[in-house]
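Scroll down for the structure; my scribbles are underneath it.
The values are calculated or read from the model by the stated rules, or taken from the named source; none is laboratory data. Everything quoted here is computed from the prediction, not taken from an experiment. Quick reminder, even Gly has a Cβ in these numbers, built from the backbone with ideal geometry, and neighbours come from all protein chains shown.
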Amino acid sequence: MKPKIMQATAVAHPNIALVKYWGKRDVERNIPAVGSLSITLDGLTTTTTVRFDPEFEHDVFLLGGCEAPKMAQRVVGCLDRMRRRAGVSMHAVVESENDFPTAAGLASSASGFAALVIAADAALGAGFDRSELADLARQASGSAARSLFGGFVELRLTPDGPYPTETRQLLEPRAWPLRILVAVTDPGPKAVGSTEGMLMTELTSPYYREWVESSPADLLEARSAVERRDFEALADVSELSCLKMHAVMLSARPGLVYWNGTTVECIRRVRELRADGVAVFFTVDAGPQVKAVCLPEVYERVERDLAVLPGVTSVVESGLGGGARVVEDRR
Ligand code: DP6
């Protein structure tokens, strides 16, 4: 009898942190140094199929149909942790596709690992609960735990809990349907990856400790703004957290400059709009893209204003989306 093949497909969306994660409390176990708060998008999607087969001799990872050796190592690490917990030893083929540029500050590792743990769990029939899946995703990539959930999501440090972090949904997407415009200023991959950048910042920035120590207050402020659906309060603390993160990156040695000239122009434009009373704020991750977060009634205005800036190659629009989930197999 032919041995059983176990396969499942999952989708997940990238998320954008409004209160940022930058730095690690524990590098080996990938425990973040700070908590974070994010929104999950619906406009961009990662689709991942995992197929375990007793006849496979090793794991294979394909991203958009091509081998991706650097990412493959992290995928195998994640599968190993899942296999260990589920008590299985089969290898797998993992095929993942993004409908948006990879590694350009659009958090493809977040949606990638969120889709991976959901698909692998379903393929194995392991039945891990959401907290355990979030823990597995977080070990693969800190921001990935947040993409397991939809809408507004918080990742907290819980040193005394069953897991070192806990991730939960604060508000569903429909409860406060903000819109996001991603101004793409350079679709190429980023120069320094997040993990490497974080370690460099911790080792060399004179401001790293202040960054870590001031983060809980930002998180508290943002959580309260989300609970009250107070756009201005959320805008203030989000821009603060973003600029603080980039300040600490810039103060590393050598300084990490993820921005280009167009990034700065987009930030200026968003600030001008906000000063004119338009309900919009900006955030930027470890890449040159600018994400403008706004109320639904002003998104067309914001989109128009960003699209005409020289150097903006496209503006991707998105609403808030749901968490990672199993979908029907592609074949
Ligand atoms: C700037 O989750 O990519 O986007 O845990 O090392 O994989 P690793 O880092 P990653 O870092 C995300 C950094 C950020 C801010 C954020 O998303 O909170």
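Scan the range 45-56 and tell me whether some residue there is within 11 Å of the ligand (Cβ to nearest atom), over 17 Å from residue 324 (Cβ atoms), in a strand (DSSP E or B) and of a type in the set (D, E, K, R).
Scanning the range 45-56 turns up no residue that is within 11 Å of the ligand (Cβ to nearest atom), over 17 Å from residue 324 (Cβ atoms), in a strand (DSSP E or B) and of a type in the set (D, E, K, R).
If residue 28 satisfies every condition in (1) free of Cβ contacts under 8 Å to residues at least 40 places away in the same chain; (2) in contact with a helix residue (DSSP H, G or I) (Cβ under 8 Å, 6 or more places away or on another chain); (3) closer than 30 Å to residue 213 by Cα; (4) charged (D, E, K, R) but one, which is the exception?
Result: residue 28 fails condition (2) only.
Can you tell me which of 306, 320 is at pLDDT 95 or above, hydrophobic (A, V, I, L, M, F, W, C) and either within 30 Å of residue 9 (Cα to Cα) or not assigned by TED's automatic domain parsing to the domain that holds residue 194 (or both)?
It is 320.
Conditions (1) closer than 25 Å to residue 316 by Cα; (2) of a type in the set (Asp, Glu); (3) assigned by TED's automatic domain parsing to the domain that holds residue 133; (4) in contact (Cβ under 8 Å) with a residue 12 or more places away in the chain, marked per residue:
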site	(1), (2), (3), (4)
35	no, no, yes, yes
41	yes, no, yes, yes
44	yes, no, yes, yes
53	no, yes, yes, yes
58	no, no, yes, yes
61	no, no, yes, yes
75	no, no, yes, yes
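Of everything in the range 174-209 that's of a type in the set (Asp, Glu) and surrounded by 14 or more Cβ atoms within 10 Å (Cβ to Cβ), which residue is nearest to the ligand (Cβ to nearest atom)?
So the residue we want is 202.
Of all residues in the range 282-317, which are in a strand (DSSP E or B) and either without any contact (Cβ under 8 Å) to a residue 12 or more places away in the chain or surrounded by 23 or more Cβ atoms within 10 Å (Cβ to Cβ) (or both)?
282, 283, 290, 291, 292, 293, 294, listed by residue number.
Could you tell me whether residue 19 is buried (at least 22 other Cβ atoms within 10 Å of the Cβ), touching a residue at least 40 places away in the same chain (Cβ under 8 Å), within 19 Å of residue 195 (Cα to Cα) and aliphatic (A, V, I, L, M)?
yes
Can you pull out the residues in the range 178-199 that are within 19 Å of residue 17 (Cβ to Cβ) and of a type outside the set (Val, Ile, Thr)?
Once the filter is applied, which keeps residues that are within 19 Å of residue 17 (Cβ to Cβ) and of a type outside the set (Val, Ile, Thr), the range 178-199 yields 178, 179, 181, 183, 190, 193, 194, 196, 197, 198, 199.
From the set of residues in the range 57-103 that are charged (D, E, K, R) and part of a helix (DSSP H, G or I), which is surrounded by the fewest Cβ atoms within 10 Å (Cβ to Cβ)?
70
Residues of the range 257-281 being among the basic types (Lys, Arg) and in contact (Cβ under 8 Å) with a residue 40 or more places away in the chain, which ones?
269
I'd like to check something: does the range 243-266 contain any residue that is modelled with pLDDT of 95 or more, crowded, with 20+ Cβ neighbours inside 10 Å and more than 30 Å from residue 203 (Cα to Cα)?
Yes: the range 243-266 contains one or more residues that are modelled with pLDDT of 95 or more, crowded, with 20+ Cβ neighbours inside 10 Å and more than 30 Å from residue 203 (Cα to Cα).
How many of the residues making up the range 136-165 are in a strand (DSSP E or B) and either near the ligand (Cβ under 9 Å from one of its atoms) or more than 18 Å from residue 81 (Cβ to Cβ) (or both)?
Summing the residues that are in a strand (DSSP E or B) and either near the ligand (Cβ under 9 Å from one of its atoms) or more than 18 Å from residue 81 (Cβ to Cβ) (or both) in the range 136-165 gives 6.
Would you pick out the residues in the range 216-229 that are buried (at least 16 other Cβ atoms within 10 Å of the Cβ) and either under 19 Å from residue 266 (Cβ atoms) or touching a helix residue (DSSP H, G or I) at 6+ places or on another chain (Cβ under 9 Å) (or both)?
218, 219, 221, 222, 225, 226
Just give me the residues in the range 2-44 being under 16 Å from the mean Cα position of the chain (by Cα) and away from the ligand (no atom under 14 Å from the Cβ), in sequence order.
Scanning the range 2-44 gives 11, 42, 43, 44.
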